[in-house]
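The values are calculated or read from the model by the stated rules, or taken from the named source; none is laboratory data. Small disclaimer: the values here were computed from a predicted structure and weren't measured. For the accessible areas, the whole protein counts, side chains as well, though only heavy atoms, and no ligand, DNA or RNA atoms are used. Shrake-Rupley method; radii C 1.70, N 1.55, O 1.52, S 1.80 Å.
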Amino acid sequence: LYLHDYFFVVSATNKLTGGLSLGAAVLASALLASRLDSPHVDAFAQVVLSMEVFVLSPYVRRALKRGLSRIAHTGVTVALVLLCAAAIAPLSASLAGASVGVCAFVGVLCPLWLVRVQKFKTEIQGPWDEAQLLLEGCT
C-alpha cells in the first residue's frame, strides 16, 4: 500500500491529490526518524529512503507499467517482493516467509476470491431501497 500512487489514480478528480498522500507519508517517516537512537545519520537515511520510496517509486512504476507488458510488470512486482523477503531473511526466515505469504494472500488470493464470490451477489429488497410503484388497478 505504501508504494501506491494515489495521485495517478484520482487525477481526474481534484478531491484527493498526490500532495496529501505524499505529505502523510513524509510525516510518518519523520516521526519514525525522530524515534531512532542516533538522530543524525540514521534519521537522514530514513528520510532519504522514504523520499525515494514515496516520491520516485510511483513515477518509476508508472513508467514501467506504460512501457512493459502486464506480465513484465507483474514480474517486476514479484521480484520486488522476493527482494524484500531476501532482505528480511537474515533477521528471521519465518518473518520473510510470512511477508511473502501476506503479499501473496493480499495481492493474489483475495482478488481471486472476490471475483469468485461476485456470482453470489444478489440484490436485496429492503426498506432502504427506492420505492417501486404498484399500479395494478390504474389505467
Problem - Matching option when the condition is over 18 Å from the mean Cα position of the chain (by Cα), open to solvent by less than 70 Å² (accessible area, probe 1.4 Å) and modelled with pLDDT of 75 or more, among A79, A85, A30 - result: A30
Practice task
Spot the failing condition for T74; the list is (1) closer than 26 Å to L31 by Cα; (2) under 15 Å from the mean Cα position of the chain (by Cα); (3) open to solvent by 60 Å² or more (accessible area, probe 1.4 Å), and only one is missed.
Solution key: (1)
